[in-house]
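A short reminder: the numbers here are calculations on the coordinates, not readings from a lab. In this text, all values refer to a predicted model and were calculated from it rather than measured experimentally. Note that we place each Cβ from the backbone using ideal geometry, even for glycine, and neighbour counts take in every protein chain shown.
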Amino acid sequence: MTLSLFGFKASGLQRQRFVWALLLSLIKGTLLTLPRLLIIVSFSVVCLYSVIFIHGEHPVLNQIKSFSLDVTAPLIEWINRPVHLVRQNYAKLRDFKQLQKNLISLQKENFQLEEWKSLALQLKRENQNLRELLRTLPALDQSFFTAKVLGSPAGSEYSTLLIAATKTDGIVKNAPVVCAKGVVGRIIDVGLLVSRVVLLTDINARTPVRFETTGEQAILAGTGTAELVIIHRKQRYETDRESLMHDQVVKVGDRLITSGSGGVYPPDLTVAIITRIQESPNGGKIYARLVAMPSTLEFVRILDSLDVQNTAS
């Protein structure tokens, strides 16, 4: 029988010799580590003594402990100061990141609120315009169509206007276009997508009107600007003396309304307000301004033309 020990094969007495040799090598290894063992034992004794020394209640020990604490406290505080500083900066950095996230979230919410506010103001303005438009009621036997104003072509602010109305909506040429305040113009072109309105301020526009205070009839001519001029004024009285006797003198602020002549606009619709009267030896001129300025319109109402009404009747 053989025994393999650390790579050597032995049997009988040789096996015992190897065992004793192994034991002697272990003892020698232990003796060689005695200095290390002494160091460990000494360190343990010192630690044990320190624990007993610290927990002792002797007055001398208490004084020593107090002195040691007084000496080491500033050192400990000085060592802990960077730790506290790092901890505070870390807390501030964490709060800053959280504030940054909150700021980004608030900016997004503010942007959305601004969009909602803009939409709400737009709907409020459109609602107000539609409510005002409902006050301009046509005759009971006259139908109408409400259309949105798309704007004016380039360079034609006081000439034409584009509206969202087509033939399928029943819009016909020469149909009067009004708003809540008064007359705007009439339809001149009807397309498949939009229709074009010639304004009363167009340089070629001529509108039969009547002075509301005196009843005199006249023609209101467009000048291509915001101001219109009265031409072909028909005096109701033969002399100015008769006009003064009836206390009916045209003055600034008087209204001009449609007379119903010409077969385009129904009578008694507000058109303009007199802004200034220019006196001259040749008879003078009367200037007026539309009550419904094209630049402020968002919705208009298209009435049936007088030709359609006469055909229906």
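Ranking of Val291, Val249, Val149, Val177 by neighbouring Cβ atoms within 10 Å, starting from the fewest: Val249, Val291, Val149, Val177.
Each of the peptides 103-111, 217-225 was scored by the mean count of other Cβ atoms within 10 Å over its residues; in descending order, highest first, they stand as 217-225, 103-111.
In plain terms, the chain from His84 to Leu123 could stretch by 8.3 nm, reckoned as 0.36 nm per residue minus the Cα-Cα distance. Once the C-beta distance of Val172 and Glu227 is scaled by a Förster radius of 45 Å, the resulting FRET efficiency is 0.90 to the nearest 0.05.
Taking 0.36 nm per residue of separation and subtracting the current Cα-Cα distance, fully stretching the chain between Glu114 and Asn204 would add 28.0 nm.
Size descriptor for the range 144-312, Kirkwood hydrodynamic radius: 16.5 Å (Cα pairs only, one decimal). Counting other Cβ atoms within 10 Å as a rough exposure proxy, the listed residues Thr258, Thr214 run Thr214, Thr258 from fewest neighbours to most. Each of Cys47, Cys179 was scored by other Cβ atoms within 10 Å of its Cβ. Listed from fewest to most, they are Cys47, Cys179. With a Förster radius of 22 Å applied to the beta-carbon distance between Thr213 and Ser261, the computed FRET efficiency rounds to 0.75. Of the peptides 168-174, 89-95, the ranking by mean beta-carbon count within 10 Å, highest at the top, reads 168-174, 89-95.
Between Lys101 and Asp268, the contour length at 0.36 nm per residue exceeds the alpha carbon distance by 53.8 nm. Projecting label points 7 angstrom from Cα along Cα→Cβ for Gln278 and Val194 puts them 3.4 nm apart. Normalising by the residue count of the range 144-312, find the relative contact order in percent from Cα pairs under 8 Å and 6+ residues apart. For the range 144-312, the relative contact order is 25 percent. Hey, what did the range 163-202 get for relative contact order, percent, Cα under 8 Å, at least 6 apart? Relative contact order for the range 163-202 comes out at 40 percent.
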